[in-house]
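*Asks:* The structure's right below; bear with me while I get my questions together.
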């Protein structure tokens, strides 16, 4: 099942969270660049809410276009990076230096999903629900 179908199933109360995370990790996501850079050097678009940096990610260009329209920015070009969900959480999230997660299809009220910085989604060293060894040492 593709990611959007897994999101719909979970939102309907019949999905499996582990399957959803697996599909998220396998999905190619489109992550817009915050500065419009198309050369691979620009930062990825994100926002901070509740002390967590949320990377915006989309399952296709139509979902990203709905986001652009919702922001009143549909008239500009939206360069993006196509990246596996696994690479986004395993390689990009650890570079943030604080709690970070992924917000998928945020402009779709019935099709959005947050993947928060918790164990099983991000690396344990970045998860807010995992106590690190140094935190327990006095």
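Each row is one residue, and each column tells you yes or no for (1) buried (at least 19 other Cβ atoms within 10 Å of the Cβ); (2) touching a strand residue (DSSP E or B) at 6+ places or on another chain (Cβ under 6 Å).
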| residue | (1), (2) |
| --- | --- |
| 12 | no, no |
| 27 | yes, no |
| 49 | no, no |
| 57 | yes, yes |
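*Asks:* Can I ask one more? Name, by its number, the condition in (1) more than 12 Å from residue 32 (Cβ to Cβ); (2) modelled with pLDDT under 95 that does not hold for residue 77.
*Replies:* (1)
The values are calculated or read from the model by the stated rules, or taken from the named source; none is laboratory data. Remember, it's a predicted structure, so these values are computed and weren't measured experimentally. Reconstructed Cβ throughout: ideal geometry from the backbone, glycine too, with neighbour counts over all protein chains shown.
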